[in-house]
Amino acid sequence: MRFSNSGRASLPHRLVALAGSLFLAAALLVTQAPAASAADTVTDLGVPAGRGGDVVGHTGKIFVAADDRIVVTKSDGTLIDTIGGLSGALALSVADNGRHVYAALRDSHEVIEIDMATLAITRRVDLSAYPCPSTLAQAYERVWVGYGCGQAGAGGVVTLETWRPTPALVPVESGTTQPPLVAVAGRTLAVGEPGAGPASIRLYDVGTAPATPLGEMRAGTALRDLALAGHGSTALSALADTHRFDAWDTTTRTTTRAYDSGELSEHGLPAAVAASQDDDYVVGGWNSTAGDAAELVVYDPATAEVIYSAGHQGKTLVPGSIAFYGVLTYAVLKEPGTGRMHLWRLPHSPYHSSTLTMTAPSEATALKQLTFHGRLTLSTGALPGVQTLELYSWLPDGTSRPFREVTTEADGTYQFTDTAPAGGSYEYRLSWPGNSWFRSSWDTAVVAVSRYQPVLTVTGPQTGTVGEPLAFSGTFAADGITFPPGVVLVVRTVSNSEGSTSKSLAKITTGADGSFSFADTPETAGKYTYVIRSVANSAVESARTSHVMLVRQPTT
């Protein structure tokens, strides 16, 4: 079964976008499958079945058709329940927004509706007029059923309109021997009879009533599996004896790409193919010619490069049994001798990990430049190339600062600077969003920033005369630092034979470079002591200095 991709952009458009936006080009990937960062898992379902093996996932459950039953597991393969008493459960379907799973029962000539929450069978649709339903595809509240019991010309495709209280059955095509494979995406339905050679893949516009034929695509060998991608713009086929999977443009009805880089592709047989829900991946399944090994290969849809692969000995892949649930890919394996079923789950996509490190400065001072450095590394050992990292930071009061981008070197190393506007605790979070090959990664740092400790200096005359203006200037010894507005206070003390008097002279706003100036006109002779003190703020500590001079009476 394939999930529909309704509402998504066409695959050709996505491929162009992928080519322009994915960070790692094909040159970064080796020709063989890269080593995986996490292992795939295989869970024994405890069910021997001669037929079935289709799989779907929704609402935290995985459903596997197993002939006389449907096995329901959690996403990790843990058994939840079994829906028994069935007769030839071969195919399953579920809509992205649905609440029901549909199952085709070949032997009882019906499609059943299963409530995903309760696992109860809520409806049975009689298909005795279209016997031996064996394949399903679904988009929202329409299910397409491939039927046929093996008599020449007695098979075909019928649509099941599930929104009706009594579901209507609308024929699409007839005249096949085997029940056709069906796939739907957007307005496009693809139909192909398995085993018949040469293969004919017929296309229909199902946005009309009845469905409108769009033409067909012909291949020189028999069809094993069929899928649609890119809102119906691309068909994917697994053809016997071709040792590859083909992508077809459904408008021009010509092949556009081949996927054939699996370990078994040279001697194995393609058994299943599917495109992920967001079209980031094409997944192909292979069986060895001896029937004693299976392989799943994940491809980049734009370049056909192998992103990930996993294989198992002693088991075979059930044809057509690839399905997606969120970031997970599932398939079903069988033991050749016993027919015992196993649920195969790949690690969640993207399939490889990345690591981003960030080293913060050991000491930090407000208003002074801080330097951070680190590296982005990939689990496969490939160089990341130039990447864009996302930097977020928060002030001591918890408010965020403007988002910034940080660019790495080709080897993944990077460096960036920052200036803390005040003292306190700053939090930094640097992240890489990842891509179709590698999962995202991030690192955080908390930096304790102390307030800037100024060195206050004042320059002024050493002597003065009563009645003549005096000019003074000063600075924080700023070292090129840009300061927020600050305040300097000046207190003058005059000492002479009459005693000492003090007076506050000025409240001065400093400049951005930490400079300030003030003036005074002495009114009496004596020793003048000017005490200058900067007022502390969130960025700057307080500082103090003084200037002493003698003021004389003017000479006559």
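Quick check on my filter: what residues within segment 312-340 are touching a Ser or Thr at 6+ places or on another chain (Cβ under 6 Å), open to solvent by 10 Å² or more (accessible area, probe 1.4 Å) and in a strand (DSSP E or B)?
F324, K334
Need the failing condition index for L367 against (1) assigned to a loop (DSSP other than H, G, I, E, B); (2) over 17 Å from the mean Cα position of the chain (by Cα); (3) surrounded by fewer than 22 Cβ atoms within 10 Å (Cβ to Cβ); (4) not basic (K, R), just the number.
(3) is the only condition that L367 fails.
For segment 158-180, name all the residues that are in contact (Cβ under 8 Å) with a residue 24 or more places away in the chain and within 24 Å of R99 (Cα to Cα).
V158, T159, L160, T162, P167, L169, V170
Which one of these is closer than 30 Å to T255 by Cβ, in contact with a Pro (Cβ under 9 Å, 6 or more places away or on another chain) and buried (at least 23 other Cβ atoms within 10 Å of the Cβ): L189, L181, L105?
L181
Going by the structure shown, is P350 modelled with pLDDT under 95 and buried (at least 18 other Cβ atoms within 10 Å of the Cβ)?
Criteria met by P350.
Just one of (1) modelled with pLDDT under 95; (2) over 29 Å from D279 (Cβ atoms); (3) hydroxyl-bearing (S, T, Y) trips up T417, so point out which.
(1)
When residues of segment 410-426 are filtered for being assigned to a loop (DSSP other than H, G, I, E, B), surrounded by fewer than 22 Cβ atoms within 10 Å (Cβ to Cβ) and either within 25 Å of the chain's Cα centre (by Cα) or without any contact (Cβ under 8 Å) to a residue 60 or more places away in the chain (or both), how many remain?
2
For segment 132-145, enumerate the residues that are under 18 Å from T176 (Cα atoms), part of a strand (DSSP E or B) and either among the hydrophobic types (A, V, I, L, M, F, W, C) or at pLDDT below 95 (or both).
Selection gives L136, A137, W144, V145.
So which residues in segment 84-102 are polar (S, T, N, Q), open to solvent by 40 Å² or more (accessible area, probe 1.4 Å) and touching a residue at least 40 places away in the same chain (Cβ under 8 Å)?
N97
Would you point out the residue of segment 509-527, among those that are among the hydroxyl-bearing types (S, T, Y) and closer than 30 Å to G499 by Cα, that is nearest to the chain's Cα centre (by Cα)?
Among them, the one singled out is S517.
When segment 111-131 is examined, which residues are found to be open to solvent by less than 30 Å² (accessible area, probe 1.4 Å), touching an Asp or Glu at 6+ places or on another chain (Cβ under 7 Å) and either polar (S, T, N, Q) or assigned to a strand (DSSP E or B) (or both)? Reasoning before the result, please.
Restricting attention to segment 111-131, the residues satisfying the condition of being open to solvent by less than 30 Å² (accessible area, probe 1.4 Å) are 111-114, 116, 119, 125, 127.
The next check asks that each one be touching an Asp or Glu at 6+ places or on another chain (Cβ under 7 Å); those that pass are 119, 125, 127.
Residue satisfying the conditions is V125 alone.
Filter the strands (runs of 3 or more DSSP E) completely within segment 428-542 down to those with at least 1 residues that are without any contact (Cβ under 8 Å) to a residue 60 or more places away in the chain and surrounded by 15 or more Cβ atoms within 10 Å (Cβ to Cβ).
Answer list for segment 428-542: 470-475, 487-496, 499-509, 516-520, 526-534.
So which residues in segment 278-305 are among the β-branched types (V, I, T) and assigned to a loop (DSSP other than H, G, I, E, B)?
Taking segment 278-305 first, the residues among the β-branched types (V, I, T) are 282-283, 289, 297-298, 303.
Passing the criteria: T289, T303.
Identify all residues within segment 96-110 that are assigned to a strand (DSSP E or B) and of a type in the set (G, A, S); write none if there are none.
The answer is A103, A104.
Could you please let me know if E173 is in contact with a Gly (Cβ under 6 Å, 6 or more places away or on another chain) and surrounded by fewer than 23 Cβ atoms within 10 Å (Cβ to Cβ)?
yes
Kindly indicate which of R244, R257, R224 is of a type outside the set (G, A, S), open to solvent by 10 Å² or more (accessible area, probe 1.4 Å), under 25 Å from L328 (Cα atoms) and in contact (Cβ under 8 Å) with a residue 60 or more places away in the chain.
Just a single option satisfies the conditions, and that option is R224.
Just to verify a result, which residue in segment 146-166, among those that are assigned to a strand (DSSP E or B) and in contact with a Ser or Thr (Cβ under 7 Å, 6 or more places away or on another chain), is farthest from T177 (Cα to Cα)?
Kept after step one, since they are assigned to a strand (DSSP E or B), are these residues of segment 146-166: 146-147, 155-161.
Next, from what is left, pick out any that are in contact with a Ser or Thr (Cβ under 7 Å, 6 or more places away or on another chain): 146-147, 155-156.
Values: G146: 11, Y147: 9, G155: 5, G156: 8 Å.
Here the answer is G146.
Within segment 266-276, is even one residue in a loop (DSSP other than H, G, I, E, B) and touching a Phe, Trp or Tyr at 6+ places or on another chain (Cβ under 8 Å)?
Let us first name the residues in segment 266-276 that are in a loop (DSSP other than H, G, I, E, B), namely 266-268, 276.
Subsequent filtering for residues that are touching a Phe, Trp or Tyr at 6+ places or on another chain (Cβ under 8 Å) retains 268, 276.
Among the residues of segment 266-276, at least one is in a loop (DSSP other than H, G, I, E, B) and touching a Phe, Trp or Tyr at 6+ places or on another chain (Cβ under 8 Å), which makes the answer yes.
Every residue, every condition in (1) within 30 Å of A536 (Cβ to Cβ); (2) touching a helix residue (DSSP H, G or I) at 6+ places or on another chain (Cβ under 8 Å); (3) not β-branched (V, I, T), yes or no:
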position	(1), (2), (3)
P396	yes, no, yes
G412	no, no, yes
V446	yes, no, no
Y452	yes, no, yes
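For L356, indicate whether it is out of contact with any helix residue (DSSP H, G or I) (no Cβ under 7 Å at 6 or more places or on another chain) and farther than 30 Å from A137 by Cβ.
The answer is yes for L356.
Would you be able to say whether some residue in segment 301-311 is under 27 Å from E193 (Cα atoms), in contact with a helix residue (DSSP H, G or I) (Cβ under 8 Å, 6 or more places away or on another chain) and either open to solvent by less than 10 Å² (accessible area, probe 1.4 Å) or touching a residue at least 24 places away in the same chain (Cβ under 8 Å) (or both)?
In the first step, residues of segment 301-311 are kept if they are under 27 Å from E193 (Cα atoms); the result is 301, 304.
Filter again for in contact with a helix residue (DSSP H, G or I) (Cβ under 8 Å, 6 or more places away or on another chain), leaving 301.
Filter once more, so that each one left must be either open to solvent by less than 10 Å² (accessible area, probe 1.4 Å) or touching a residue at least 24 places away in the same chain (Cβ under 8 Å) (or both): 301.
Yes, segment 301-311 contains a residue that is under 27 Å from E193 (Cα atoms), in contact with a helix residue (DSSP H, G or I) (Cβ under 8 Å, 6 or more places away or on another chain) and either open to solvent by less than 10 Å² (accessible area, probe 1.4 Å) or touching a residue at least 24 places away in the same chain (Cβ under 8 Å) (or both).
The values are calculated or read from the model by the stated rules, or taken from the named source; none is laboratory data. Treat the numbers as computed from the prediction; the structure is a model and nothing was measured. Cβ: placed from backbone, ideal geometry, glycine included. Neighbour counts: every protein chain shown. Please note that ligands, DNA and RNA were not included when accessible areas were found on the heavy atoms of the full protein model with its side chains. Shrake-Rupley method; radii C 1.70, N 1.55, O 1.52, S 1.80 Å.
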